[in-house]
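The block underneath contains the structure these notes are about, expressed in structure tokens.
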Amino acid sequence: MPVAMLDGIETYYETHGSGSPILMCAPGGFDASIDKWRVASAWTGIDAIKALAAEHAVIVYDRRECGQSHGRVERLSWASYTHQGKALLDYLKVDSAWIMGGCMGCSAALAFGVHFPATTRGLLLHWPVGGYRWKVNSEDRFVRHLNFARQNGLKAIVDRAQSGNSFWMDPEAGPWASVIARDKGFAERFASQDLDRYLGIIATSGRSLFDRDTAPGAEPEEVMGIKAPALIIPGDDPSHATSGAHYLRELLPKSEFWNVMPPEQTTQKICDRILEFCRAHR
């Protein structure tokens, strides 16, 4: 199992194919793991990783606190997610790459384009998150966990996480649920930390991640400064409101908006459109 130690956090990753690299920031909310590129509803039918690897070196990884990757109890932010991706490219000695995001991964990709413009060959944004319902539901996840932690304590969080549910499925299990479930030592350290400090981390994480009903990750002025070409593939549901995609279309100066809505989108068509876009911007 390929694992890289990135800023002190074990990160599980895979590489497939050859050619100009694509770094894929996984969909799945707080279950952002490699397998979501194969099993999430938008990516069924064919293996998208294999399809893109026919022309590119595809780099996929479990985001920190997700899948087989480890984590650290600290304030979560788009910058922390972005630096994990950049550290993986540095580890693999990749100087520049297409940065692809799905769902919440689009926000990490946006932040990557802002923080590391020289490394960003282009952005491939599939179903950016956005919309008022998405913002409210995302904030509520952290509020529910905050209340559970305040009322029941850290040991109760460990017990909840070890039942097997992720933060995405069970907000009371918390953002570090997958690491707690897999690592006994981490679980013990988690339960013995200062509760007040933890409550502060949760409160500030929720505010910093979900501070708007448009696609988060970077400020509008920063997004307008991204010079790399960008392909936007819109979603159309309560978590991926089409308005979020149009917001990015307005701001990104070199964007192309794929005017095909999800009922007509298939994994094969999506992969074909991505490959076509990358060929046009070699």
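What follows is calculated from the coordinates using simple rules that are stated; it is not laboratory data. Computed from a prediction, not measured in an experiment: that's the story for all the values here. A quick note on method: Cβ atoms are made from the backbone with ideal geometry, for glycine too, and the neighbour counts reach across all protein chains shown.
Can you put Val136, Val114 in order of Cβ neighbours within 10 angstrom, beginning with the fewest?
By the 10 Å Cβ count, ascending, the order reads Val136, Val114.
Looking at the chain, what % of its DSSP beta bridges pair antiparallel, to the nearest 5?
25
Principal axis extents for the stretch 67-184, Cα atoms only, whole Å, descending order, please.
Cα spread of the stretch 67-184 along its principal axes, largest to smallest: 46, 36, 20 Å.
At 7 Å along Cα-to-Cβ for each site, give me the label-to-label distance between Gln268 and Val3 in nm.
3.9
Which one of Thr214, Trp168, Ser33 has its Cα pushed farthest toward the positive end of the charge dipole of the chain, where Lys and Arg give +1 and Asp and Glu give -1 at the Cβ?
Positive-most Cα among the choices belongs to Ser33.
Taking only C-alpha pairs under 8 Å that are 6+ residues apart, what is the relative contact order of the chain in percent?
20
Any chance you could give the angle, 0 to 90 degrees and rounded to 10, that helix 132-152 forms with the longest Cα principal axis of the chain?
20
Full-extension gain between Tyr91 and Ser18, please, as 0.36 nm times their residue separation minus the C-alpha to C-alpha distance.
Here the answer is 24.6 nm.
State, in angstrom, two size descriptors of the stretch 134-209 derived from its alpha carbons: Rg to one decimal place and Dmax to the nearest whole number.
Cα only, the stretch 134-209: 11.5, 34 Å (Rg, Dmax).
Subtract the Cα-Cα distance of Glu188 and Lys254 from 0.36 nm times their separation in residues, and report this length gain in nm to one decimal.
Residue separation times 0.36 nm, minus the Cα-Cα distance, leaves 18.9 nm.
How fast does the stretch 72-116 diffuse by Stokes-Einstein, in µm²/s, taking the Kirkwood radius from C-alpha pairs at 25 °C and 0.890 mPa s?
The estimated diffusion coefficient comes to 225 µm²/s.
Report, in debye and to the nearest 20, how large the dipole of the stretch 134-209 comes out about its Cα centre when Lys and Arg carry +1 and Asp and Glu carry -1 on their Cβ.
It works out to roughly 80 debye.
Could you size up the charge dipole of the chain around its Cα centre, putting +1 on the beta carbon of Lys and Arg and -1 on that of Asp and Glu, and report it in debye to the nearest 20?
160
Taking neighbour Cβ counts within 10 Å as the exposure measure, how do Leu275, Leu195, Leu6 sort from fewest upward?
Taking fewest neighbouring Cβ atoms as first place, the list is Leu195, Leu275, Leu6.
Can you flag which of Lys86/Lys254; Lys36/Lys254; Lys135/Lys227; Lys135/Lys269 are past 26 Å Cα-Cα?
From Lys86/Lys254; Lys36/Lys254; Lys135/Lys227; Lys135/Lys269, over 26 Å: Lys36/Lys254; Lys135/Lys227; Lys135/Lys269.
With viscosity set to 0.890 mPa s at 25 °C, what whole-number translational diffusion coefficient in µm²/s follows for the chain from Stokes-Einstein and a Kirkwood radius over Cα pairs?
130
What is the distance in Å between the Cα centres of the stretch 228-282 and the stretch 74-125?
18
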